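The values are calculated or read from the model by the stated rules, or taken from the named source; none is laboratory data. The model shown is predicted, which means the values in this text are computed figures rather than measured ones. We place every Cβ from the backbone using ideal geometry, glycine too, and count neighbours over all the protein chains shown.
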């Protein structure tokens, strides 16, 4: 009989030990998808906003406790309801045309930032062509969302696109920056632009404190050639890095960094190019003492990454990361573990 009770005691202890290894540290009632990966002592987790082609279903989120290995929060976080619903005049074709996937709304390149009051602000690309605005919505919990709004930005330009708006909050200026790319008219092409086989894009931006009133649109960074997909990083006060895609084709189509002392620019001293040809959509997360720059190797249908400590020297990190197939261009934020629990509970209840 004593042996039997000893057996039960050992079995119970083993089962508690195994459960401790596989249960989420937040006790949210779901198994840990990353067994063996310890959560950060701060109780923070990473969320990776993105979408899946053809961008008709909406915002998706991945989550990670180490910034390297990612799992999906099941389902759609927010479905697109606006944009991509009208004909536009194509200056290249000299006629009115329908945008791609017309008349269905799309949500590409989602970018999220959390403001000082805890509100999450989301911006996204409304259309491949035919929109002079970006999409906007906000949320207190990433579950319940405000009404979606079009934010017009290029109304005085003949451009037909507002691509990959990136939202950034600067604590010192207490302002949100939204940075995007739009195509130039051919009358403004440089010699480098004229050599390309695609449109020539440049970076623009505006600022806001409340997403109700906005500054005037201004040029953000112009390297003299086609560039898209900008991402702004703040290392310290007065120390900013702007990462973007050299979008010249043929050739190039890879990433580089420029440096500045203010989120308003100017930026200069371009780094060496990194990431393979046909890479885009960079986003950055700091893990420990290093920065990981994720990018979409879109022709290969996968994500890649490099690690860096100075944004001048880059070490391939593809072998260190894992993401669900099909995840596309977005941004990474950190949230409390309880926020992740709420999102997982909500996903399982739908």
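Hand me the list of strands (runs of 3 or more DSSP E) wholly inside the stretch 165-244 holding 3 or more residues that are under 22 Å from the mean Cα position of the chain (by Cα) and at pLDDT below 95.
On the way: elements: 175-183, 201-208, 218-221, 227-236.
Of the strands (runs of 3 or more DSSP E) lying wholly inside the stretch 165-244, none has at least 3 residues that are under 22 Å from the mean Cα position of the chain (by Cα) and at pLDDT below 95.
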* Among the candidates 304, 326, 260, 265, which residue alone is under 21 Å from residue 166 (Cα atoms) and touching a residue at least 60 places away in the same chain (Cβ under 8 Å)? -> 326
* Asked: Does the stretch 210-222 contain at least one residue that is more than 21 Å from residue 136 (Cα to Cα), out of contact with any strand residue (DSSP E or B) (no Cβ under 7 Å at 6 or more places or on another chain) and surrounded by 16 or more Cβ atoms within 10 Å (Cβ to Cβ)?
  -> no
* Looking only at strands (runs of 3 or more DSSP E) that fall completely inside the stretch 251-350, which ones have 2 or more residues that are crowded, with 20+ Cβ neighbours inside 10 Å and in contact with a helix residue (DSSP H, G or I) (Cβ under 9 Å, 6 or more places away or on another chain)? -> 302-308
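Give me the strands (runs of 3 or more DSSP E) completely within the stretch 80-124, filtered to those with at least 1 residues that are touching a residue at least 40 places away in the same chain (Cβ under 8 Å), over 18 Å from residue 151 (Cβ atoms) and over 27 Å from the mean Cα position of the chain (by Cα), ordered by residue number.
Fully inside the stretch 80-124 and qualifying: 88-90.
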* To do: Collect the residues in the stretch 41-76 that are in contact with a helix residue (DSSP H, G or I) (Cβ under 9 Å, 6 or more places away or on another chain) and crowded, with 22+ Cβ neighbours inside 10 Å, keeping them in residue-number order.
  => 45, 47, 61, 65
* Structure fact -> Here the residues within the stretch 125-155 that are in contact (Cβ under 8 Å) with a residue 60 or more places away in the chain, outside any strand (DSSP E or B) and farther than 30 Å from residue 345 by Cβ are 153, 154
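Residue check: is residue 224 closer than 18 Å to residue 182 by Cβ, touching a residue at least 24 places away in the same chain (Cβ under 8 Å) and touching a helix residue (DSSP H, G or I) at 6+ places or on another chain (Cβ under 8 Å)?
Taking the combined requirement at face value, the residue satisfies it.
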* For residue 182, work out the one condition from (1) in contact (Cβ under 8 Å) with a residue 60 or more places away in the chain; (2) over 22 Å from residue 115 (Cα atoms); (3) touching a strand residue (DSSP E or B) at 6+ places or on another chain (Cβ under 9 Å) it doesn't fulfil. => (1)
* Asked: Can you pull out the residues in the stretch 58-79 that are free of Cβ contacts under 8 Å to residues at least 40 places away in the same chain and closer than 16 Å to residue 148 by Cβ?
  -> 76, 79
